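The values are calculated or read from the model by the stated rules, or taken from the named source; none is laboratory data. Here the structure is a predicted model, which is why all the values come from computation and not from measurement. Cβ atoms come from the backbone with ideal geometry, glycine included; neighbour counts cover every protein chain shown. Heads up: the accessible areas ignore ligands, DNA and RNA and are worked out on the full protein's heavy atoms, side chains in. Shrake-Rupley method; radii C 1.70, N 1.55, O 1.52, S 1.80 Å.
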Amino acid sequence: SQTIHQWPATLVQPVGSPLSLECTVEGTSNPNLYWYRQAAGRGLQLLFYSVGIGQISSEVPQNLSASRPQDRQFILSSKKLLLSDSGFYLCAWSVGRATNSNQPQHFGDGTRLSIL
Amino acid sequence: AQSVTQLDSHVSVSEGTPVLLRCNYSSSYSPSLFWYVQHPNKGLQLLLKYTSAATLVKGINGFEAEFKKSETSFHLTKPSAHMSDAAEYFCVVSERNKLIFGAGTRLAVHP
């Protein structure tokens, strides 16, 4: 069966520090991968998605970036964190093939990021 | 563009009573619709999905949803609430491999 792992579960970082959140998927090949942010009491905002290695699409302008160095690895990064980057970050995967819109996404347990 | 409106931000029920969480969507073509549940500090778990097959969709944990094209609705129901159902619920529509999320409905279950 497929599983998705995110780490760390919680993270406290000072303003201006770098960030690296990692997400890996097991039990499937060529997944579509996604990064979301969920601000307190709000819905999910899609940040990035990827349909293959090295292929990243950005949904909103911001100081975050994403990379996909391997088929089942998705990394969310920042060179300098802002206070507004605080939130709950969720990684998700779905069955690959960019044109297949019927597939649900499956989420990791998230990373709670607090910026001080 | 597709969109989703969850009509109630909070719903409170007593244990053992029915649950109704309302969702309306707008779509220019036949949509794929999902309901997800999120417990505190956890990721989202898929409850059920509609993909143009049967209009009444059964999901996990006793939940089901009915797709009504004439009303552009996809309401989530459960006959009898359990304390463990207390969580946030998201109605979601799929567009070109991206998910469009509603704002969420927080369900409280009282003994």
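If the condition is being more than 24 Å from B:ALA1 (Cα to Cα) and either in a loop (DSSP other than H, G, I, E, B) or open to solvent by less than 50 Å² (accessible area, probe 1.4 Å) (or both), then segment B:48-63 contributes B:ALA54, B:VAL57, B:GLY59, B:GLY62, B:PHE63.
Regarding B:LEU21, is this residue within 11 Å of the chain's Cα centre (by Cα), facing chain A (nearest Cβ under 10 Å) and not aromatic (Phe, Trp, Tyr)? No; evaluated as a whole, the condition is false for this residue. For B:ALA103, the conditions (1) touching a Lys or Arg at 6+ places or on another chain (Cβ under 9 Å); (2) part of a strand (DSSP E or B); (3) not charged (D, E, K, R) all hold with the exception of (2). The number of residues in segment B:45-73 that are in contact with a strand residue (DSSP E or B) (Cβ under 6 Å, 6 or more places away or on another chain) and away from chain A (no Cβ under 14 Å) comes to 9.
Of the residues A:PRO61, A:PRO104, which is open to solvent by 50 Å² or more (accessible area, probe 1.4 Å) and either more than 14 Å from every other protein chain (Cβ to nearest Cβ) or outside any strand (DSSP E or B) (or both)? Give the steps one after another, and end with the answer.
Values: A:PRO104 fails: open to solvent by 50 Å² or more (accessible area, probe 1.4 Å).
Only one candidate passes the filter, namely A:PRO61.
Scanning segment A:1-17 for residues that are part of a loop (DSSP other than H, G, I, E, B) and within 15 Å of the chain's Cα centre (by Cα) yields A:PRO8, A:ALA9.
Being farther than 19 Å from A:GLN45 by Cα, assigned to a strand (DSSP E or B) and out of contact with any Cys (no Cβ under 8 Å at 6 or more places or on another chain) is the filter here, so list the residues in segment B:1-23 that pass it. B:HIS10, B:VAL11, B:SER12, B:VAL13, B:SER14, B:VAL19, B:LEU20 - these are the residues of segment B:1-23 that are farther than 19 Å from A:GLN45 by Cα, assigned to a strand (DSSP E or B) and out of contact with any Cys (no Cβ under 8 Å at 6 or more places or on another chain).
Taking segment B:69-100 as the search range and keeping residues that are basic (Lys, Arg) and within 16 Å of B:SER3 (Cα to Cα), which one is nearest to the chain's Cα centre (by Cα)?
Residues of segment B:69-100 basic (Lys, Arg): B:69, B:78, B:96, B:98.
With the extra rule that they be within 16 Å of B:SER3 (Cα to Cα), the set shrinks to B:69, B:96, B:98.
Working: B:LYS69: 16, B:ARG96: 20, B:LYS98: 17 Å.
Within segment B:69-100, the match that is nearest to the chain's Cα centre (by Cα) is B:LYS69.
Answer with yes or no whether B:LYS42 is at the interface with chain A (Cβ under 9 Å from one of its Cβ atoms) and farther than 16 Å from B:ALA103 by Cα.
Numbers: at the interface with chain A (Cβ under 9 Å from one of its Cβ atoms): yes; farther than 16 Å from B:ALA103 by Cα: yes.
Answer is yes for this residue.
Among the residues of segment A:18-39, those identified as open to solvent by less than 20 Å² (accessible area, probe 1.4 Å) and either touching a Ser or Thr at 6+ places or on another chain (Cβ under 8 Å) or part of a loop (DSSP other than H, G, I, E, B) (or both) are A:LEU19, A:LEU21, A:VAL25, A:PRO31, A:ASN32, A:LEU33, A:TYR34.
Residues that are at pLDDT 90 or above and within 11 Å of chain B (Cβ to nearest Cβ) within segment A:79-101 comprise A:PHE88, A:TYR89, A:LEU90, A:CYS91, A:ALA92, A:SER94, listed in sequence order. Can you pull out every residue in segment B:76-111 that is more than 14 Å from every other protein chain (Cβ to nearest Cβ), without any contact (Cβ under 8 Å) to a residue 60 or more places away in the chain and surrounded by 20 or more Cβ atoms within 10 Å (Cβ to Cβ)? Hit for segment B:76-111 is B:LEU76, nothing else.
Checking each residue in segment B:10-48 for being within 23 Å of B:SER80 (Cβ to Cβ) and small (Gly, Ala, Ser) picks out B:SER12, B:SER14, B:GLY16. Cβ-Cβ contacts under 6 Å between residues 6 or more apart (or on different chains), taken from a first residue in segment A:70-90 that is touching a residue at least 60 places away in the same chain (Cβ under 8 Å) and among the acidic types (Asp, Glu) to a second residue that is open to solvent by 10 Å² or more (accessible area, probe 1.4 Å) and assigned to a strand (DSSP E or B), are listed as A:ASP85/A:ILE115.
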